[in-house]
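The values are calculated or read from the model by the stated rules, or taken from the named source; none is laboratory data. This structure is a prediction, so every number in the text was calculated from the model and none was measured. Glycine also receives a Cβ, built like all others from the backbone with ideal geometry; neighbour counts cover every protein chain displayed. Keep in mind that these areas ignore ligands, DNA and RNA; they rest on the heavy atoms of the full protein, side chains included. Shrake-Rupley method; radii C 1.70, N 1.55, O 1.52, S 1.80 Å.
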Amino acid sequence: MRIIFLGPPGVGKGTQSQKLVDSLHIPHISTGEMLREAIRQKTELGLKVAAQMEGGRLAADEIVVQLVRQRLAQSDCRNGYLLDGFPRTLPQAASLDLALAVDDEAIDAVLNLTVDQDELFRRLMDRAKKEDRGDDNEETIRKRMEVYDDMTFPLINYYHEQQVLHRIDGLGTVEEVFERILGVLKKVEQDKKA
Ligand code: AMP
């Protein structure tokens, strides 16, 4: 299963992604994590994206696409993967589709996890306090939510048109949300076999 996880910052994608990859035994590909690691290691790429990502903005499409393509070419991705935080823009989504089409592959499911704005903001501020994440303060949180609406929201339409989009209600306990996700994926798998 090739799965994309969409959803605004703070919606619980990270937690649900982890549970899902543990359950399906597929690699978890988080571009945010990959970029943060590059910044931590002070690699050439890390130095470049650090400036781009300042203030909650996105890293450049070419850089992120290249990073993901290299990752997907690794052997552990042969039987599927979960993309978390990628694609985030229409050009990224189009590049991904092109790269997959070369090998006659396609995304099986796009999970769109949703909760309302106030709840999101509250969760992000809470996480900032707990994790001491450098990119989580009130101003950058607002900026990241804005960037999501501008750049990432159009993807919902893009995948809806491809008929691979599934909306998941992100309110409830971690387990409740996870059960909803498993239910959707089970149905996708059945449809794929039919
Ligand atoms: P995340 O951990 O997914 O919330 O990502 C944290 C930050 O990494 C984002 O605010 C962006 O600056 C950057 N980032 C992660 N994924 C992407 C992507 N696909 N395209 C551009 N920037 C990204």
Problem set entry | Computed magnitude of the charge dipole of the chain (debye, nearest 20; Cβ of K, R +1, Cβ of D, E -1) | 320 debye
Exercise. Scanning the chain for trypsin sites (Lys or Arg not before Pro) in DSSP loops with at most 15 other Cβ atoms within 10 Å, what's the longest stretch left with none?
Worked result: 134-194
For this session: For the chain, go through all pairs of different Cα atoms, get the mean of 1/r, take its inverse, and jot down that Kirkwood value in Å.
Result: 17.2 Å
Exercise. Where is the GNM fluctuation largest for the chain (alpha-carbon springs, 10 angstrom cutoff): Val174, Val115, Val164?
Worked result: Val174
Exercise. Counting each DSSP H run of 4 or more residues in the chain as -39500 (n - 2.57), what helix-only mean residue ellipticity at 222 nm follows after dividing by all residues, to the nearest 500 deg cm²/dmol?
Worked result: -17500 deg cm²/dmol
Exercise. Can you give the Rg and Dmax of region 58-123 based on its C-alpha atoms, in angstrom?
Worked result: 14.0, 42
For this session: Using a Gaussian network model of the chain whose springs link C-alpha atoms within less than 10 Å, name the residue from Val64, Val184, Val11 with the highest mean-square fluctuation.
Result: Val184
Exercise. Using a probe of 1.4 angstrom, how much of the accessible area of region 32-113 is carbon and sulfur, in percent?
Worked result: 51 percent
For this session: List the residues whose amide H sits under 5 Å from the amide H of Asn112, counting only those 5 or more places along or on another chain, with H placed 1.01 Å from N in the peptide plane.
Result: Leu6, His166, Arg167, Ile168
For this session: Would you calculate the separation in nanometres between label points at Lys19 and Gln41, each defined as 7 Å from the Cα along the Cα-to-beta-carbon direction?
Result: 3.1 nm
Exercise. Out of Ile39, Ile181, Ile168, any idea which swings most in a Gaussian network model of the chain, alpha carbons joined below 10 Å?
Worked result: Ile39
For this session: Could you state how much accessible area Leu58 has, in square angstrom rounded to the nearest 10, with a 1.4 Å probe and all protein chains kept in place?
Result: 50 Å²
For this session: May I have the extent of the alpha carbons of region 78-180 along their three principal axes, as whole Å values ordered from largest to smallest?
Result: 44, 30, 25
Problem set entry | Convex hull (Cα only) mean projected area of region 1-91, reported in nm² to one decimal | 6.1 nm²
Seminar exercise, completed: Partner lysines whose C-alpha sits under 17 Å from that of Lys186, ignoring same-chain residues fewer than 8 away, are Lys19
Problem set entry | For region 168-185, 3J(HN,Hα) per residue [Karplus equation, 6.51 cos²θ - 1.76 cosθ + 1.60, θ = phi - 60°, Hz, x = Gly/Pro] | 10, 6, x, 8, x, 6, 3, 5, 4, 5, 4, 4, 4, 5, 4, x, 5, 5
Exercise. In whole Hz, what ³J(HN,Hα) sequence does region 39-53 give by Karplus (6.51, -1.76, 1.60; θ = phi - 60°), x for Gly and Pro?
Worked result: 5, 4, 7, 6, 6, 4, 4, x, 5, 5, 6, 4, 5, 5, 7
For this session: Give, as a single signed number, the net charge of other residues whose beta carbon lies under 15 Å from the beta carbon of Leu45, with Lys and Arg counted +1 and Asp and Glu -1.
Result: +1
Problem set entry | Accessible surface, per residue, of the chain when the full set of protein chains is kept, probe 1.4 Å, Å² | 56 Å²
